[in-house]
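Structure first, then comments.
The values are calculated or read from the model by the stated rules, or taken from the named source; none is laboratory data. Just so it is clear, the model here is predicted, and its values are computed rather than measured. Cβ atoms come from the backbone with ideal geometry, glycine included; neighbour counts cover every protein chain shown.
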Amino acid sequence: MVSKAARRYAKALLQSAIEQNILGDVEKDIRFISKTLSDSHELKVFLRSPVIKGEDKLRGLTSIFGSHISKEAMGLLNLLAEKNRENLLADICTGFINLYNDHQGIIKVDVISAMELDKKQKKTLQDELSDSTGKKVDMSLSVDESLVGGLVVKIGDTVIDGSVKHKIRMLKNQFAVGTAV
């Protein structure tokens, strides 16, 4: 869950990037910052520390990201350091990516299958999901052999469980209810 403050920063960054026609560049920068934060527990602790001064945090962020990100993204880091809001950076990245996806008509879909899907199956599934949702699909795939067969598709809060494991569970419930009557 992204805080209100982080959402405001993310929205302002998105609007600024759109106005300057640099949305793609800023999106890459924010994904890079987000990945770096998620990969480094030490960096998250550094940014959240109330003991470390804002200017020291900005120096650290500049040394890490300065030569790798756009002026616009670096401006966000400067602003956060100036306002002592560095602890919001991860949430701002998440909020920005969500807003970017909405703006671009992209939905995040998680697919769990009983076995690895080949390229053709992945493409067919992605095309079907795109057709049924009317949006571009950013699909992440994982395998869970306990499903026995079939797929589980998660789109936001919606879960479509077409796994054999789920169907067997439903049959067991029907038999249990049927014998109890």
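A quick yes/no check of all residues on (1) surrounded by 15 or more Cβ atoms within 10 Å (Cβ to Cβ); (2) among the acidic types (Asp, Glu); (3) in a strand (DSSP E or B); (4) in contact with a helix residue (DSSP H, G or I) (Cβ under 8 Å, 6 or more places away or on another chain):
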position	(1), (2), (3), (4)
Ala81	yes, no, no, yes
Asn87	yes, no, no, yes
Phe96	yes, no, no, yes
Tyr100	yes, no, no, yes
Ile112	yes, no, yes, yes
Leu117	yes, no, no, yes
Leu141	yes, no, yes, yes
Gly149	no, no, no, yes
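May I ask you to verify whether Phe65 is within 22 Å of Ser140 (Cβ to Cβ) and either in contact with a Cys (Cβ under 8 Å, 6 or more places away or on another chain) or hydrophobic (A, V, I, L, M, F, W, C) (or both)?
No.
Could you please tell me which pairs satisfy a Cβ distance under 9 Å, a separation of 6+ or placement on different chains, a first residue in region 11-29 that is without any contact (Cβ under 8 Å) to a residue 24 or more places away in the chain, and a second residue that is surrounded by fewer than 19 Cβ atoms within 10 Å (Cβ to Cβ) and not in a helix (DSSP H, G or I)?
What qualifies is Lys28/Ser70.
Is there a residue being closer than 16 Å to Met74 by Cα, buried (at least 16 other Cβ atoms within 10 Å of the Cβ), among the small types (Gly, Ala, Ser) and in contact (Cβ under 8 Å) with a residue 24 or more places away in the chain anywhere in region 48-55?
Of region 48-55, the ones closer than 16 Å to Met74 by Cα are 54-55.
Next cut, buried (at least 16 other Cβ atoms within 10 Å of the Cβ) only: none.
No, because not a single residue in region 48-55 is closer than 16 Å to Met74 by Cα, buried (at least 16 other Cβ atoms within 10 Å of the Cβ), among the small types (Gly, Ala, Ser) and in contact (Cβ under 8 Å) with a residue 24 or more places away in the chain.
Looking at Ser67, Ser132, Ser34, which one is modelled with pLDDT under 95, under 30 Å from Val153 (Cα atoms) and either in a helix (DSSP H, G or I) or in the same structural domain as Leu14 (by TED's automatic domain parsing) (or both)?
After ruling out the rest, the residue left standing is Ser132.
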